Amino acid sequence: YTLSLHDALPILRLALVSVLLVAVAGLAHAESAPKEGFHFTFGVGGAQHTTFSRIEGFDGDVEISGFGIGGMVAVGWTLAPGFVLGGGAMGGHIIDPSIDDGQGFEASNDLIFLVSGLYADYSFDPTGGLHLQLLLGLGTLEEGADDIEDVAIGFGATVGVGYRFPLDPKWSLGVIARMQVLATSAEYTSADEVSNLSLVPALLASVTWH
C-alpha cells in the first residue's frame, strides 16, 4: 500500500490542530522551571522538497519536487542553561514527486531524505518559549522502492526556529519551522554519476521531554 497525498493531508492537519489545542489548554497549568539534564524531542509535520540533479553527460539540471511528511528525533544533554548538545536524525518521505527535465519524464517512486549527525538546541529562556535548532552531518537521498538500493550520500544541514509551550516541569509541546539542505551524489546503476542539491522547508509539531 502506497500512502497518497490525499491520505496524508488529513493526518497532518489533525496532528497540528491537536498539538495547538493541547498546548493552549496546558498553558494555564504549566509550571515554569529551568530545563536541565537529559533532553529528548521528536516531531512530525509537512515538508516541501525540491532537488536539483545534475547528471553526467546530460545537458541541464533535472528538478524533482513534491510534498510529503517530515519528521525528527533527537537526544542530548544540557551543557549550559538553555543549551543542549547531542545527536539526532531529521528527514522525511516525499509522496509521488514530479520531475521537470524538459522531456516529460515522470517519477515512478517516492523519495526518502535524511540528515543525521550532531544536534544542538538553544532556548532563549531555559524554561521554554523561543528556541533554535541545528543539525549537521550525513545526508542521504534515495528512492522509496524495495527493488532500488542506490543511495545518494553527502553532507546535510538543518536549521530551525520554534516555540515550546510547557505543559509541566518536564514535558512541552511546540511547533518548529525548519530548512534542510542536502548536497549528495551517487553513481546509479541506471545512469552515470548524479549530483544533487536538495532544499526542504518544513513545518512540524514537536513533543519534548527535558
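The values are calculated or read from the model by the stated rules, or taken from the named source; none is laboratory data. Since this is a predicted model, take the numbers as computed values, not measurements. Every residue, glycine among them, receives a Cβ derived from its backbone with ideal geometry; neighbour counts consider all protein chains shown. Accessible surface is based on the protein model in full, side chains and every heavy atom, while ligands, DNA and RNA are left aside. Shrake-Rupley method; radii C 1.70, N 1.55, O 1.52, S 1.80 Å.
Here are some notes:
- Residues (in a strand (DSSP E or B), without any contact (Cβ under 8 Å) to a residue 24 or more places away in the chain and exposed (fewer than 15 other Cβ atoms within 10 Å of the Cβ)) located in the stretch 43-93: L79, A80
- On the stretch given as the stretch 97-120, residues that are open to solvent by 60 Å² or more (accessible area, probe 1.4 Å) and modelled with pLDDT under 90 total 8.
- Residue check, S123 crowded, with 18+ Cβ neighbours inside 10 Å and touching a His at 6+ places or on another chain (Cβ under 6 Å): yes
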